[in-house]
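Undergrad: I am attaching a structure below and will ask some questions about it afterwards.
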Amino acid sequence: MSHNQIELFTTPTCPDCAILKRWLDAQGLIYIERDLRNPRIAEEARRRTGLRIAPITIIDGKALWGPAADQITRLRSLIGLAQAH
């Protein structure tokens, strides 16, 4: 499977963030985690995506947001994981 850089904008208390991180780890995917509690990171997320909510996933320049289950469905398609858990 091939993919470019994955960025994950999270907060420590976000349940969907934890679910996404566990799923990415289970797939063996490397990602950069960005903490939205940092005002600079939050502003960068807003500037790049128009959002300041967690979680936000950016893969290949495409921003995904919303519940982890929805993001995982879209991520499977974007990274070519047909049978991913």
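Undergrad: Please go through region 32-47 and pick out each residue that is in contact with a strand residue (DSSP E or B) (Cβ under 7 Å, 6 or more places away or on another chain) and either among the basic types (Lys, Arg) or not in a helix (DSSP H, G or I) (or both). Walk me through it before giving the result.
TA: Our first condition is that a residue be in contact with a strand residue (DSSP E or B) (Cβ under 7 Å, 6 or more places away or on another chain); within region 32-47, this holds for 32-36, 41, 45.
Once the filter is applied, which keeps residues that are in contact with a strand residue (DSSP E or B) (Cβ under 7 Å, 6 or more places away or on another chain) and either among the basic types (Lys, Arg) or not in a helix (DSSP H, G or I) (or both), region 32-47 yields 32, 33, 34, 35, 36.
Undergrad: Of the residues 49, 57, which is of a type in the set (Val, Ile, Thr) and more than 11 Å from the chain's Cα centre (by Cα)?
TA: Numbers: 57 fails: more than 11 Å from the chain's Cα centre (by Cα).
So the residue among 49, 57 that is of a type in the set (Val, Ile, Thr) and more than 11 Å from the chain's Cα centre (by Cα) is 49.
Undergrad: Additional query: May I ask you to say which residue of 51, 29, 64 is free of Cβ contacts under 8 Å to residues at least 40 places away in the same chain, part of a loop (DSSP other than H, G, I, E, B) and not β-branched (Val, Ile, Thr)? Show your work before the answer.
TA: Numbers: 29 fails: free of Cβ contacts under 8 Å to residues at least 40 places away in the same chain; 64 fails: part of a loop (DSSP other than H, G, I, E, B).
From the options 51, 29, 64, the qualifying one is 51.
Undergrad: Checking residue 38 against (1) modelled with pLDDT of 95 or more; (2) crowded, with 16+ Cβ neighbours inside 10 Å: exactly one of these is not met. Which one?
TA: With respect to (1) modelled with pLDDT of 95 or more; (2) crowded, with 16+ Cβ neighbours inside 10 Å, residue 38 is out only on (2).
Undergrad: Filter region 67-83 for residues that are part of a loop (DSSP other than H, G, I, E, B) and either in contact with an Asp or Glu (Cβ under 8 Å, 6 or more places away or on another chain) or within 14 Å of residue 6 (Cβ to Cβ) (or both); which is modelled with the lowest pLDDT? Write out each step before concluding.
TA: From region 67-83, those part of a loop (DSSP other than H, G, I, E, B) are 67, 80-83; that's our starting set.
Now drop any that are not either in contact with an Asp or Glu (Cβ under 8 Å, 6 or more places away or on another chain) or within 14 Å of residue 6 (Cβ to Cβ) (or both), which leaves 67, 80-81.
Working: 67: 96, 80: 80, 81: 63.
So the residue we want is 81.
Undergrad: For region 60-85: of the residues being in contact with a strand residue (DSSP E or B) (Cβ under 6 Å, 6 or more places away or on another chain) and under 14 Å from residue 14 (Cβ atoms), which is surrounded by the fewest Cβ atoms within 10 Å (Cβ to Cβ)?
TA: Step by step, filter region 60-85, then rank; the result is 65.
Undergrad: Testing residue 19 on (1) on the phi > 0 side of the Ramachandran plot; (2) surrounded by 15 or more Cβ atoms within 10 Å (Cβ to Cβ), one condition comes back false. Which one is that?
TA: Only one criterion is unmet by residue 19, namely (1).
Undergrad: Which one of these does residue 57 not meet: (1) touching a Phe, Trp or Tyr at 6+ places or on another chain (Cβ under 8 Å); (2) surrounded by fewer than 17 Cβ atoms within 10 Å (Cβ to Cβ)?
TA: Here residue 57 meets the rest and fails (2).
The values are calculated or read from the model by the stated rules, or taken from the named source; none is laboratory data. Please read all numbers here as calculations on a predicted model, not as lab measurements. Note that each Cβ is placed from the backbone with ideal geometry, even for glycine, and that neighbours are counted across all protein chains shown.
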